[in-house]
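What follows is calculated from the coordinates using simple rules that are stated; it is not laboratory data. In this text the structure is predicted, and so the values were computed from the model without any measurement. So basically every Cβ, Gly included, is an ideal-geometry build from the backbone, and we count neighbours across all protein chains shown.
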Amino acid sequence: MAVRKASKGVTKIGSPYLSLTLSDGETDIASKQWNYVDDPPSENTVIKVQALLETYQGEPQLNIQRWRAAEEGECLQRFIPMSPCDIKQMKESLLVFVGSISNKGLRKLVEAVLECSMEAFCQCPAAMYHHHNYIGGLLEHTLEVVRQAQKLSFGEDINDDLLLAGAILHDIGKIWTYDWSGCSIIMTDLGKMVGHIVKGIVKVSEVGAKITELNDETIRLLLHLIASHHGKLEWGSPVEPVTKEALILHKADLADVEFWKIAKAASEVEPGQWTGKILGINREFYVPAIPGGANECET
């Protein structure tokens, strides 16, 4: 199993224990080894585990009897799953959206940012845990944010090119703030110390300064979309949306994240049942027994 988190602790009576979060590539599970005094395994490595499956506070938990580091040749499975959508087709859809930006300066900016990072953009997860946490997740999430933004902006008096550019680049910083090269998605030092929003602002600013067709106002408006897309200060945005385009982008981003969470939770229960309480939404959702007609991987 892949080691997502590893630490040591002490019980109320002073007994040492090992605390792990392990994953089979699909599901994370809390794990404990009691009376453990040695060093913990390194995070983002694979171990072989012998354990008992128990329940703690209503949640499954592994009671580890023993473990060892996996040897070369034993790690045959992929511990970071792939997007259910075809990455090549999603990339083609992304390029169609980029080509539809009529403002020459904005189009050149988006093309320049993606040109130096397209491979990573197509592989990068969108998150460590909460949504689209798999290879290709950032690309999948970005495409859906673009589509949600276009739906929300239909009939509104807005700058369509600005909104489209912002939707495509809003999470570009995640390419440098996540590391998916091992068996787990981890946050880089840059991710911990700077964060994807700030890194995205820096990258777009650097590239934008070289685009002669762009004026300061357009760059400032685009940077605001990136800076405010989380919507609230307490949700990690340096500023809150103060333009219609920024507000639409925030709502599109939030909608895709929440729809993804609901769909995932719904896939784990039978029709006619309720999901568990969904993290970040803080309530259960009912899964109708009537089949839906949504296309999971729209391209």
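Values computed for the structure shown
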item: Inter-site label distance for Lys151 and Val37 at 7 Å from Cα along Cβ, in nm; result: 5.9 nm
item: Label-to-label distance, nm, for residues given as Trp274 and Ser100 (7 Å Cα→Cβ offset); result: 4.0 nm
item: Where chymotrypsin sites (Phe, Trp or Tyr not before Pro) in DSSP loops with at most 13 other Cβ within 10 Å are excluded, longest remaining stretch of the chain; result: 155-299
item: Relative contact order (%) - the chain, alpha-carbon pairs under 8 angstrom, separation at least six; result: 13 percent
item: Label-to-label distance, nm, for residues given as Ser205 and Met118 (7 Å Cα→Cβ offset); result: 2.8 nm
item: Cβ-derived FRET efficiency at R0 45 Å, Ser15 paired with Lys88, nearest 0.05; result: 0.30
item: Neighbour-count ranking [beta-carbon atoms within 10 angstrom, fewest first] of Asp216, Asp161; result: Asp216, Asp161
item: The stretch 12-61: trypsin sites (Lys or Arg not before Pro) falling in loop per DSSP and having at most 14 other Cβ within 10 Å; result: Lys12
item: Computed lengthening from Gln57 to Ile290, 0.36 nm per intervening residue step minus Cα-Cα distance; result: 80.6 nm
item: Gap separating the Cα centres of the stretch 166-222 and the stretch 45-70, nearest whole Å; result: 38 Å
item: For the stretch 25-171: relative contact order, % (alpha-carbon pairs under 8 angstrom, 6 or more apart); result: 19 percent
item: Ranked Thr188, Thr55, criterion: other C-beta atoms within 10 Å, fewest first; result: Thr55, Thr188
item: Total charge dipole magnitude, the stretch 87-261, about the Cα centre, Cβ charges on Lys, Arg, Asp, Glu only, Debye to nearest 20; result: 180 debye
item: Loop-resident sites, the stretch 10-81, for GluC sites (Glu not before Pro), counting at most 14 other Cβ within 10 Å (DSSP); result: Glu26, Glu71, Glu72, Glu74
item: Mean Cα-pair separation over length for the stretch 87-261, i.e. relative contact order, pairs under 8 Å, 6 or more apart, %; result: 23 percent
item: Student exercise, the stretch 2-69 dipole from Lys, Arg, Asp, Glu Cβ charges, in Debye to nearest 20; result: 240 debye
